[in-house]
Amino acid sequence: MLPFQPNHSLQDGIQILQTVVANDEPIGSREVSRRLGMDPTRTNRLLKTLAAMGMLLQTGNRKYTSGHGIHVFAAQSLRASGLLNAAIPHLETLHELGYLVSMGVVWRDRVSYLYYRQCASTTSDDSGLHTGLAATGAFPVEQSGIGIAYLAALPDDRLQEEHQGLSELALRRIREAQRQSYAYVCYRESHTLALPVGAEPSEPIAAIGLAGAIASSDIPVLLPRLQMAASFINDSLRSRTKQALKNT
């Protein structure tokens with residue numbers, strides 16, 4: 001929930017930063033301004049400030065892309081959350097099932113995949129872990145099993161406040177996931193089976209899933225494995241939280 005008098009400059013700066021880093025190629029000030037419906041002069045000033053801070057980099061053709069600072073910021077954030085360290089060992093055990101394994105986080109209307117990796121048998125080479133980390137761009141939350149699993153775990157007040165404007169289809173999927181305690185979503189002939197993860201049930205920080213030709217008849221076999229992985233991840237996150245509390 002926003003404070004009574006939110007800092008609009010901070011809000012605008014973060015929106016601009018996210019717009020640039022989410023783009024697959026450098027983007028100009030005018031296009032950023034158009035996408036956000038923001039005053040061009042204000043957009044240009046904030047872009048230059050972010051570039052001066054090292055969060056963005058201005059290219060030779062005066063467009064903007066991610067700077068070194070955002071990479072450091074991302075690395076520090078992931079380390080502080082402990083999410084990857086808690087999740088990766090258990091995500092790797094799921095590859096033997098023969099499906100794509102993923103973990104994603106939700107912000108606004110997008111899912112960003114921190115882990116997205118095919119099982120070795122479906123790839124032409126023995127792909128290493130590097131192929132699974134941040135291997136794909138942001139994806140619409142409504143079309144993602146990961147996104148639906150995350151949203152279904154939120155309390156209703158947070159869902160309504162933070163994710164207004166969801167389609168009727170998305171809301172039906174969320175309610176179904178709440179009833180089943182898992183998300184099962186089809187998109188472009190691929191099915192995703194997904195569960196939320198987090199130290200507290202009502203405070204999900206991500207979701208994990210299996211994707212591929214998953215029939216509904218496969219769920220009784222696959223779901224327990226996914227639940228086991230989620231449980232181990234949750235336990236690891238809770239242990240980290242308890243340790244942090246002890247150290248304060």
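The values are calculated or read from the model by the stated rules, or taken from the named source; none is laboratory data. Being a predicted model, the structure only gives us computed values, none of them experimental. Note: ideal-geometry Cβ built from the backbone for every residue, glycine included; neighbour counts use all protein chains shown. With ligands, DNA and RNA removed, areas are computed over all heavy atoms of the protein, side chains included. Shrake-Rupley method; radii C 1.70, N 1.55, O 1.52, S 1.80 Å.
Taking a ≥ b ≥ c as the square roots of the eigenvalues of the Cα gyration tensor, the chain is classed as prolate, since a/c reaches at least 1.5 and a/b is larger than b/c.
Applying 0.36 nm per residue to the separation of Gln11 and Gln164 and subtracting their alpha-carbon distance, the gain on full extension is 53.3 nm.
If you put +1 on each Lys and Arg Cβ and -1 on each Asp and Glu Cβ, how big is the dipole of the chain around its Cα centre, in Debye rounded to 20?
700
Are there DSSP H segments in the chain that both extend 15 Å or more along their axis (alpha-carbon positions) and score a mean Kyte-Doolittle hydropathy of at least -0.5? List them, or say none. Provide the component values of the computation, followed by the final result.
Working: long enough: 8-21 (20 Å, 0.42); 40-52 (18 Å, -0.39); 68-81 (20 Å, 0.31); 168-180 (18 Å, -1.25); 219-246 (39 Å, 0.02).
Going by DSSP H runs, the hits are 8-21, 40-52, 68-81, 219-246.
Report in % the part of the accessible area of the chain that belongs to carbon and sulfur, leaving out ligands and nucleic acids; probe 1.4 Å. Heavy-atom surface of the chain belonging to carbon and sulfur, 1.4 Å probe: 53 percent. Given the options Leu151, Leu100, Leu17, which has the most mean-square fluctuation in a GNM of the chain, springs set between C-alpha atoms less than 10 angstrom apart? With Cα springs under 10 Å in the chain, the top fluctuation among Leu151, Leu100, Leu17 is at Leu17. In this structure the chain gives 58 Å² per residue of accessible area when probed at 1.4 Å with all protein chains present. Per-residue extension of 0.36 nm, minus the Cα-Cα distance of Ala213 and Glu31, leaves a gain of 61.6 nm for this segment. Each of His71 and Asp156 was given a label point 7 Å from its Cα along the Cα-to-Cβ line. The distance between the two points is 4.7 nm. Remark: the range 147-248 carries a charge dipole of roughly 320 debye about the Cα centre, counting +1 on each Lys and Arg Cβ and -1 on each Asp and Glu Cβ. Modelled label positions at Ser202 and Thr59, each set 7 Å beyond Cα in the direction of Cβ, lie 4.6 nm from each other. The overall shape of the range 16-71 is prolate: from the C-alpha gyration tensor, with semi-axes ordered a ≥ b ≥ c, the ratio a/c is 1.5 or greater and a/b exceeds b/c. Electrostatic tally near Ile148: other residues with Cβ closer than 13 Å to its Cβ, Lys and Arg +1, Asp and Glu -1, net +1. For a straight C-alpha distance cut-off of 27 angstrom, the lysines reachable from Lys63 (same-chain residues fewer than eight places away being disregarded) are Lys48. Under 19 Å from the Cα of Lys242, which aspartates and glutamates turn up, not counting those fewer than eight places away in the same chain? Reachable aspartates and glutamates: Glu200, Glu203. Between the alpha-carbon centers of the range 203-234 and the range 18-85, tell me the distance in whole angstrom. Their Cα centres are 34 Å away from one another.
A 1.4 Å probe over all protein chains sorts Met55, Met228 by accessible area into Met228, Met55, starting with the largest.
Take the Cβ atoms of Arg108 and Cys186, set R0 to 35 Å, and the FRET efficiency comes out at 0.90. Using a probe of 1.4 Å, the accessible surface attributed to Phe73 totals some 120 Å² when neighbouring protein chains are kept in position.
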